[in-house]
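The values are calculated or read from the model by the stated rules, or taken from the named source; none is laboratory data. All figures in this text were calculated on a predicted structure; none of them were measured in a lab. All accessible areas refer to the heavy atoms of the entire protein, side chains included, with ligands and DNA or RNA removed. Shrake-Rupley method; radii C 1.70, N 1.55, O 1.52, S 1.80 Å.
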Amino acid sequence: MDKILSARVDEAILHKISFLAQRLHISKKKVIEGAVQMFAQKMELESDMNVFEQTHGAWKRSETVEQTINHAKSAFRKSMERHR
């Protein structure tokens with residue numbers, strides 16, 4: 001499903017988008033989508049972007065699983081007591 005995007009863009013860029021769309025006989029939407037895809041591919045190649053490597057720290061915790069669970073349960077109990 002397509003989403004609506006609103007952004008302020010320099011007028012020169014808008015002219016380039018229009019020119020490319022006209023020249024390639026495609027919609028402005030396709031020009032923008034293609035440009036973003038090409039930029040993302042370039043970034044992946046240059047920086048070896050790996051989502052799992054970049055987010056692995058989210059799974060490394062200083063506390064044990066039991067401690068995390070106890071903190072969550074304690075916070076829940078306190079919030080329930082507050083609304084009695």
Rank these by accessible area, largest first, 1.4 Å probe: VAL31, VAL65, VAL9. VAL65, VAL9, VAL31
For MET1, MET38, MET80, write out the residues from largest to smallest accessible area, computed with a 1.4 angstrom probe and no ligands counted. MET1, MET38, MET80
Can you give the Rg to Rh ratio for segment 1-40, taking only C-alpha atoms and Rh from Kirkwood? 0.97
